[in-house]
Amino acid sequence: MNPVDLRLLPDTSAVSPDGSLSIGGCSVVDLAAQYGTPLFVYDEAHLRARCREAVDTFGHGRAVYATKAFLCGAMARLAHEEGMLLDVASGGELFVALHAGVPADSLTVHGNNKSLAELRMALTAGVRHIVVDSFDELDRLDALHAEGLPVPKVLARITPGVHAHTHEFIATGQDDSKFGFNLGNGDAHRAIDRMRRSPSVQLEGVHCHIGSNVFEASNFAKAAEVMASFAIPLDLPELVLGGGLGVAYVEGEEAPTITQWGNVLLDACEALGVRSSVSVEPGRSIVASAAITVYEVGTVKQIPGVRTYVSVDGGMSDNPRPVLYGSGYEAFLPRDVRAGRPSRARLVGKHCESGDVLIFDAALPADLRVGDLLATPVTGAYGHSMASNYNKLTRPPVVFVRDGEHRLVVRRETYEDLVSCDVD
Ligand code: LLP
């Protein structure tokens, strides 16, 4: 029944006298008319505020934006301008960050299976840190050293054996994980010994990331405790505690703020006697609630006694999270933000499969009709970045809004883009 919870919307969201939504001083209905749908609208002030909060909480050089959550040139530059370092997890992310003009010495390179080519690219560029994930990667770094490439500063990714309370697919700290050197079976110590003796790497510290969309501060405190007892005797300059702070996606969810998260981590480290510089890699908490996705409703199918299906012009290609992780979202009308939502329907996309669901049981306004714009909040993280061309849909554009101005930062793909890689 309730209208959408305005706390889920970007910071500068405002309800106009006619009941419609503006973000950054721009009418969402007008943005959709100008740029078409589906459309990602990001609140630039919100993005900047979250970056600054992270830098203020952890300190300059200690807040690293995890670009996998949302990356394009404009976002890379924005995070860099606000004083964040950037974490990249593939050659492609590294390329985009460098292409955006972010200096290599602001970049940390991640990945559980970095190729020789990706490592060569990182070493040649002169990145700040490589987070070494496996013994095979150390072999590759030895080979690159033999080629005469510069010796990188590295962190060792440790799997601390802490199980974060989140979806199985995005929990990474437990022993049964493809990531990092396990603490429990001695691999972590063996890796540190090897790195300390190796002429191919300069070991600067240790790293962990227990999982993503974690709400409970106690999970982070536990990881800090395990990592501190491992790291303190090593006496290395850096301790990185990963990302993973959860965000509220639906009504009733509450997540710690970046500041609260920081206090938990930093207090725990201080109490444990950590002397290293403590840094973090937030992705979702920087960008998730900064954006909404705007769709147009194309069909409303009522099946009496069964359910109603409301179809929009996007779907699992712009937001695969409901299908992948069962993630919940809300929906509302940008023309009437305060409308009650007494109707129930399954909000689906336009892909050729029944699994193409955006909201399994959506609360929707009673007067929702074909042709309406419908928006889902909190789509700024892992939406555009996980978008696909399934069914050859073109990926949506991204618009940044701020102080009454809007600018297109990623254009909509065209049909020509869809054939641009075909060579035969
Ligand atoms: N650092 C490392 C090493 C990571 O693997 C990740 C996320 C982060 C930082 C950032 O975590 P965040 O603060 O965003 O939670 N596609 C999934 C999330 C996968 C996260 C992968 N790693 C989703 O849509 O929920």
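Tabulated results
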| read-out | value |
| --- | --- |
| Residue list for region 365-377, restricted to those being surrounded by 13 or more Cβ atoms within 10 Å (Cβ to Cβ) and in contact with a strand residue (DSSP E or B) (Cβ under 6 Å, 6 or more places away or on another chain) | D372, L373, L374, A375, T376, P377 |
| Entirely in region 212-326, the helices (runs of 4 or more DSSP H) that have 3 or more residues that are surrounded by fewer than 20 Cβ atoms within 10 Å (Cβ to Cβ) and more than 11 Å from the ligand (Cβ to nearest atom) | 217-234, 258-272 |
| Test: residue in region 360-377 that is within 16 Å of the ligand (Cβ to nearest atom) and more than 18 Å from V29 (Cα to Cα) | no |
| Residue list for region 21-33, filter: in contact (Cβ under 8 Å) with a residue 60 or more places away in the chain and out of contact with any helix residue (DSSP H, G or I) (no Cβ under 9 Å at 6 or more places or on another chain) | G25, C26, V28, V29, L31, A32 |
| Condition broken by R344, with the remaining ones in (1) over 25 Å from the mean Cα position of the chain (by Cα); (2) surrounded by 16 or more Cβ atoms within 10 Å (Cβ to Cβ); (3) charged (D, E, K, R) satisfied | (2) |
| Per-region count, region 78-116, residues over 19 Å from V132 (Cβ atoms) and either within 13 Å of the ligand (Cβ to nearest atom) or buried (at least 23 other Cβ atoms within 10 Å of the Cβ) (or both) | 4 |
| Neighbours by Cβ (under 6 Å, 6+ apart or cross-chain): first from region 212-239, hydrophobic (A, V, I, L, M, F, W, C); second surrounded by fewer than 17 Cβ atoms within 10 Å (Cβ to Cβ) | A228/L272 |
| Selected residue (criterion: nearest to the ligand (Cβ to nearest atom)) from residues of region 155-207 that are within 18 Å of A231 (Cβ to Cβ) and charged (D, E, K, R) | R157 |
| S200 vs. criteria touching a His at 6+ places or on another chain (Cβ under 7 Å) and in a loop (DSSP other than H, G, I, E, B) | yes |
| When residues of region 59-73 are limited to those that are assigned to a helix (DSSP H, G or I) and open to solvent by 10 Å² or more (accessible area, probe 1.4 Å), the one nearest to G262 (Cα to Cα) | K68 |
| Single condition N263 does not satisfy, out of (1) farther than 30 Å from P3 by Cβ; (2) in contact with a Pro (Cβ under 8 Å, 6 or more places away or on another chain) | (2) |
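Residues are listed down the side, and each one gets a yes or a no for (1) touching a strand residue (DSSP E or B) at 6+ places or on another chain (Cβ under 9 Å); (2) buried (at least 16 other Cβ atoms within 10 Å of the Cβ); (3) in the same structural domain as V297 (by TED's automatic domain parsing):
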{"site": "A363", "(1), (2), (3)": "yes, yes, yes"}
{"site": "T379", "(1), (2), (3)": "yes, yes, yes"}
{"site": "N391", "(1), (2), (3)": "no, no, yes"}
{"site": "T394", "(1), (2), (3)": "no, yes, yes"}
{"site": "E405", "(1), (2), (3)": "yes, no, yes"}
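The values are calculated or read from the model by the stated rules, or taken from the named source; none is laboratory data. The shown structure was predicted, so the numbers you read here are calculated from the model rather than taken from an experiment. When we count neighbours, we look across all protein chains shown, and the Cβ atoms used for this are built from the backbone with ideal geometry, even at glycine. Calculation scope for accessible area: heavy atoms of the full protein, side chains included, ligands and nucleic acids excluded. Shrake-Rupley method; radii C 1.70, N 1.55, O 1.52, S 1.80 Å.
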